[in-house]
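Okay, so here's the structure we're looking at.
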Amino acid sequence: MAGSIYDLPARAGAFLNPGDPVASIGVLNPVRVRVYVDEPELGRVAPGESVRITWDALPGKEWNGTVESALQK
(Lines give C-alpha, C1' and ligand atoms only; values in the text may rest on other atoms or scores of the structure.)
Protein backbone atom coordinates (compact mmCIF):
# COMPACT_ATOMS: atom_id res chain seq x y z
CA MET A 1 0.00 0.00 0.00
CA ALA A 2 1.31 3.43 -0.85
CA GLY A 3 0.77 6.19 1.69
CA SER A 4 2.24 8.04 4.64
CA ILE A 5 2.91 6.74 8.14
CA TYR A 6 0.83 8.86 10.51
CA ASP A 7 1.18 6.79 13.69
CA LEU A 8 4.08 4.64 14.85
CA PRO A 9 3.21 2.94 18.14
CA ALA A 10 6.09 0.42 17.85
CA ARG A 11 9.37 1.72 19.28
CA ALA A 12 12.94 0.58 18.71
CA GLY A 13 13.76 -2.32 21.05
CA ALA A 14 10.12 -3.06 21.87
CA PHE A 15 8.86 -6.64 21.83
CA LEU A 16 5.81 -7.25 19.66
CA ASN A 17 3.23 -9.97 19.82
CA PRO A 18 1.42 -11.34 16.77
CA GLY A 19 -1.32 -8.89 15.83
CA ASP A 20 0.27 -5.87 17.56
CA PRO A 21 0.07 -2.74 15.42
CA VAL A 22 3.42 -1.60 14.07
CA ALA A 23 2.35 1.49 12.11
CA SER A 24 -0.72 3.20 10.71
CA ILE A 25 -0.51 4.11 7.03
CA GLY A 26 -2.94 6.23 5.08
CA VAL A 27 -3.37 8.46 2.08
CA LEU A 28 -3.10 11.97 3.49
CA ASN A 29 -3.62 13.99 0.34
CA PRO A 30 -6.19 15.41 0.25
CA VAL A 31 -6.92 15.71 3.96
CA ARG A 32 -10.54 16.14 4.98
CA VAL A 33 -11.31 18.00 8.20
CA ARG A 34 -14.74 17.88 9.83
CA VAL A 35 -15.46 21.08 11.75
CA TYR A 36 -18.43 21.70 13.99
CA VAL A 37 -19.64 25.30 13.84
CA ASP A 38 -21.96 26.87 16.41
CA GLU A 39 -25.42 27.45 14.97
CA PRO A 40 -25.29 31.28 15.18
CA GLU A 41 -22.13 31.22 13.00
CA LEU A 42 -23.34 28.55 10.53
CA GLY A 43 -25.07 31.10 8.29
CA ARG A 44 -21.66 32.59 7.47
CA VAL A 45 -20.29 29.27 6.12
CA ALA A 46 -20.88 28.37 2.47
CA PRO A 47 -19.50 25.74 0.08
CA GLY A 48 -16.53 27.00 -1.92
CA GLU A 49 -15.32 29.47 0.71
CA SER A 50 -11.62 29.52 1.57
CA VAL A 51 -10.58 28.29 5.01
CA ARG A 52 -7.37 28.39 7.02
CA ILE A 53 -6.84 25.63 9.59
CA THR A 54 -4.43 26.00 12.52
CA TRP A 55 -3.65 23.55 15.32
CA ASP A 56 -2.34 24.41 18.79
CA ALA A 57 -0.15 21.27 18.74
CA LEU A 58 1.79 22.64 15.72
CA PRO A 59 2.20 26.37 16.34
CA GLY A 60 2.98 28.33 13.19
CA LYS A 61 1.68 25.58 10.87
CA GLU A 62 -1.30 26.37 8.63
CA TRP A 63 -3.36 24.43 6.12
CA ASN A 64 -5.50 26.10 3.47
CA GLY A 65 -8.55 24.62 1.83
CA THR A 66 -12.14 25.18 0.82
CA VAL A 67 -15.51 24.39 2.38
CA GLU A 68 -16.95 21.29 0.73
CA SER A 69 -20.38 21.39 2.36
CA ALA A 70 -22.19 23.20 5.14
CA LEU A 71 -24.68 20.62 6.35
CA GLN A 72 -26.85 21.17 9.38
CA LYS A 73 -27.45 18.11 11.55
Cα→Cβ-extended label distance, 7 Å offset, between residue 4 and residue 16, nm: 2.2 nm
The chain: relative contact order in percent, alpha carbon pairs under 8 Å with at least 6 residues between: 23 percent
Enumerate the residues in region 53-73 having an amide nitrogen under 13 Å from the point lying 7 Å beyond the Cα of residue 33 toward its Cβ. 53-68
Residue 24 versus residue 62: modelled label distance in nm, points set 7 Å from Cα along the beta carbon direction: 2.8 nm
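Using a probe radius of 1.4 Å on heavy atoms only, what accessible surface per residue do you get for the chain? Whole Å² is fine.
Details: 6960 Å² over 73 residues.
For the chain, the solvent-accessible area averages 95 Å² per residue.
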Calculate what fraction, in whole %, of the accessible area of region 31-73 sits on carbon and sulfur atoms when a 1.4 Å probe is rolled over the protein chains. 49 percent
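The values are calculated or read from the model by the stated rules, or taken from the named source; none is laboratory data. Computed from a predicted model, the values in this text were never measured in an experiment. Here Cβ is always computed from backbone atoms with ideal geometry, including for glycine, and neighbour counts include all displayed protein chains. Remember, those area values only see protein heavy atoms, side chains included, never the ligands or the DNA or RNA. Shrake-Rupley method; radii C 1.70, N 1.55, O 1.52, S 1.80 Å.
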